[in-house]
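Report on the structure given below.
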Amino acid sequence: MQKIGKSIAKGAARFLVMAAALIALSILLDGMYLLGLPAQGQVRSVSVFCPEAAAQAKEVSSPQEIELALQVTGFLKYDLFAQASEEQPPAVAITYHLRDGSVTVAANNTTVWWNGKARSLKKEDMFVNVTQGIFFVPKSGGRCDG
């Protein structure tokens with residue numbers, strides 16, 4: 001019986017090591033997701049601001065629009081090891097108004113700001129373009145790319 005227990009423990013340890021290695025490789029190649037984004041049930045409303053597309057922030061509060069705003073930021077990935085460029089200001093800011101405060105994700109084509117830190121985006125341009133395409137209709141060629 002002890003032999004079987006040791007065999008299972010060895011197998012589990014090998015599995016955990018392989019799983020950790022695969023997760024590390026995935027983060028290295030694909031980037032790291034933003035951690036700590038609010039859950040949909042915590043969000044009362046969302047403000048999406050893109051100064052190049054509109055003078056004022058767009059406010060959304062329906063459950064479908066809140067879910068969409070969370071999904072837009074949910075696919076963001078940053079490079080753990082790249083140095084973020086803070087030369088350009090954010091071109092898009094999404095503020096989640098929670099029951100107990102608010103949190104903001106801001107980005108331009110190369111950098112994302114989250115929890116007070118600037119991070120280099122793994123897939124440049126995508127976040128700004130998707131956010132603009134979903135929440136704003138360009139006015140006379142106006143773009144939201146800073």
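Residues in segment 49-61 that are assigned to a loop (DSSP other than H, G, I, E, B) and free of Cβ contacts under 8 Å to residues at least 40 places away in the same chain: how many?
4
Could you check segment 72-108 and list, in sequence order, the residues that are over 18 Å from CYS50 (Cα atoms), touching a Phe, Trp or Tyr at 6+ places or on another chain (Cβ under 9 Å) and in a loop (DSSP other than H, G, I, E, B)?
Within segment 72-108, PHE75, ALA84 meet the criteria.
Could you check segment 90-123 and list, in sequence order, the residues that are of a type outside the set (Lys, Arg) and exposed (fewer than 13 other Cβ atoms within 10 Å of the Cβ)?
ASP100, GLY101, ASN115, GLY116
For the condition over 18 Å from the mean Cα position of the chain (by Cα) and among the small types (Gly, Ala, Ser), what is the one hit in SER62, SER47?
Residue meeting the stated conditions: SER62.
Any chance you could count how many residues in segment 71-89 are surrounded by fewer than 18 Cβ atoms within 10 Å (Cβ to Cβ) and farther than 12 Å from THR131 by Cβ?
12
Out of the residues in segment 36-56 that are over 12 Å from LEU70 (Cα atoms) and hydrophobic (A, V, I, L, M, F, W, C), state the one that is modelled with the highest pLDDT.
Filtering first and then ranking leaves PHE49.
Residues are listed down the side, and each one gets a yes or a no for (1) open to solvent by 60 Å² or more (accessible area, probe 1.4 Å); (2) within 22 Å of HIS97 (Cα to Cα); (3) in a strand (DSSP E or B):
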residue	(1), (2), (3)
ALA13	no, no, no
LEU29	yes, no, no
PRO38	no, yes, no
SER47	no, yes, yes
ALA69	no, yes, no
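The values are calculated or read from the model by the stated rules, or taken from the named source; none is laboratory data. Quick caveat: nothing in here was measured; it's all calculated off a predicted structure. Here Cβ is always computed from backbone atoms with ideal geometry, including for glycine, and neighbour counts include all displayed protein chains. Ligands, DNA and RNA are excluded from the accessible area calculation, which covers all protein heavy atoms including side chains. Shrake-Rupley method; radii C 1.70, N 1.55, O 1.52, S 1.80 Å.
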